[in-house]
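Here's the structure, in structure tokens; my notes come after.
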Amino acid sequence: MNVRRSVLIGLMALTASGFAMAQQQPIVIKFSHVVAKDTPKGKAADQFAKLVNERAGGKLKVEVYPNSQLYKDGEEMNAIQIGAVQMLAPSLAKFGPLGVKEFELFDLPFIFDDYNALHRVTSGPLGASLFKKLEPKGIVGLAYWDNGFKDFSANKALKKPEDFKGMKMRIQSSKVLEAQMRALGVIPQVMAFSEVYQALQTGVVDGTENPPSNFYTQKMHEVQKYMVQSHHGYLGYAVIINKKFWDDLPADLKKIVSTAMEESTRYANAIAQKENADATEAVRASGKTQILDMTPAERTALKKSLIKVHKEAESRIGADVIKSVYKETGFDPSKL
């Protein structure tokens, strides 16, 4: 009897120990993205993981999977919706095809004059309201991360609206970007980012639009003679998390994630600006691509030729959304 009692006590102790070990296993956030570790987004993702892993006391662990190790560009959104991955940082252009077309406002040409104007939207009530529209899709938005403002490049100087006519220009898949290019008399060519260098080299397309960091790291300066600092459009990301996972996360861990995300966002945006500035100087130093500045008059002329795209996009994005951006940034198209 004593032996049996001892065995039972031992089994109970082992069971309790097993439960304790199970409870000590950290909750894992798999953070997948499609770019390299040494890009602004890759560095910011690693910084976020570092902060959470240091502060969570073993209760929560962030694992970062760069370079499409888990999911390719076209697979990510489905993966997060079904809970196969917990966190992503896709480009803002990905949300239009998901059915939330309001995010296409970020593709509108000259909708933001600078980072201050941009951040009044992304850090304000409009940015928060856009994230709310993702929740019925099973997604919670945590932060907006910058990549940068885009510049035009080609083998001819593109400074005046008439310079663009008849050019073949590569774009991301976006109805708004198609409208932007057609407004300039350009033939838009939707093409995967990985194919752009060869397309420029072989003349399949004449030019493109990119933040300087993309332009330089993809070596487009080797096959483009001119880059004009037009800063006409914005390229950015949204850091998102699976809604069910987020709702089930204990409050103390949510707080750790939120605080780490705020700090990582400041880091991401600062490093994006620095790397674009550094890339511009690296392109200039290469001597292969001539960097052109725009005069205020040239910039205004380009704006005037593209502002009609805002009106055309109202049926897709919503006139109220576009007007809300104008209100936040102080932009008045009637004054052009």
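The values are calculated or read from the model by the stated rules, or taken from the named source; none is laboratory data. In this text the structure is predicted, and so the values were computed from the model without any measurement. Neighbour counts run over all protein chains shown; Cβ positions are idealised from the backbone, glycine included.
Condition (residue is assigned to a helix (DSSP H, G or I) and over 26 Å from residue 228 (Cα atoms)) applied to the range 293-315: is it met by at least one residue? Taking every residue of the range 293-315 in turn, at least one turns out to be assigned to a helix (DSSP H, G or I) and over 26 Å from residue 228 (Cα atoms). Under the condition of being at pLDDT 95 or above and not aromatic (Phe, Trp, Tyr), the residues counted in the range 33-48 number 4. The set of residues in the range 282-322 being more than 20 Å from residue 207 (Cβ to Cβ) and under 23 Å from the mean Cα position of the chain (by Cα) consists of 310, 313, 314, 316, 317, 318, 321, 322. Write out, first by first residue and then by second, each pair whose Cβ atoms fall under 9 Å of each other, whose residues are 6+ apart or on separate chains, and whose first residue, in the range 153-172, is more than 20 Å from residue 220 (Cα to Cα) while the second is crowded, with 20+ Cβ neighbours inside 10 Å and of a type in the set (Asp, Glu). Between residues of the range 153-172 that are more than 20 Å from residue 220 (Cα to Cα) and residues that are crowded, with 20+ Cβ neighbours inside 10 Å and of a type in the set (Asp, Glu), the close pairs are 166/206. Contact annotation: residue pairs with Cβ atoms under 7 Å, 6 or more positions apart or on different chains, pairing a residue in the range 271-288 that is free of Cβ contacts under 8 Å to residues at least 60 places away in the same chain with a partner that is surrounded by 13 or more Cβ atoms within 10 Å (Cβ to Cβ), are 284/291.
Taking the numbered list (1) under 28 Å from residue 270 (Cα atoms); (2) touching a residue at least 60 places away in the same chain (Cβ under 8 Å); (3) small (Gly, Ala, Ser) in turn, residue 32 passes all entries but (2).
The single residue among 199, 238, 297 that is touching a Lys or Arg at 6+ places or on another chain (Cβ under 9 Å) and free of Cβ contacts under 8 Å to residues at least 40 places away in the same chain turns out to be 199. So which residues in the range 278-336 are out of contact with any helix residue (DSSP H, G or I) (no Cβ under 9 Å at 6 or more places or on another chain), buried (at least 16 other Cβ atoms within 10 Å of the Cβ) and aliphatic (A, V, I, L, M)? The one that is out of contact with any helix residue (DSSP H, G or I) (no Cβ under 9 Å at 6 or more places or on another chain), buried (at least 16 other Cβ atoms within 10 Å of the Cβ) and aliphatic (A, V, I, L, M): 292. Residues to consider are 155, 210; find the one that is in contact with a strand residue (DSSP E or B) (Cβ under 8 Å, 6 or more places away or on another chain) and modelled with pLDDT under 95. None of the others qualify; the one that does is 210.
Taking the listed residues 204, 228, the one that is among the β-branched types (Val, Ile, Thr) and free of Cβ contacts under 8 Å to residues at least 40 places away in the same chain is 204, with no other qualifying. If the condition is being of a type in the set (S, T, N, Q) and surrounded by 15 or more Cβ atoms within 10 Å (Cβ to Cβ), then the range 127-154 contributes 147, 153. If you check residue 222 against the conditions, is it in contact (Cβ under 8 Å) with a residue 24 or more places away in the chain and either out of contact with any strand residue (DSSP E or B) (no Cβ under 7 Å at 6 or more places or on another chain) or of a type in the set (Ser, Thr, Tyr) (or both)? So residue 222 passes the test. When the range 94-134 is limited to residues that are small (Gly, Ala, Ser) and out of contact with any Lys or Arg (no Cβ under 8 Å at 6 or more places or on another chain), the one that is farthest from residue 319 (Cα to Cα) turns out to be 123. Which one is nearest to residue 290 (Cα to Cα), of the residues in the range 179-207 that are surrounded by fewer than 21 Cβ atoms within 10 Å (Cβ to Cβ) and at pLDDT below 95? Among those residues, the one meeting the criterion is 197.
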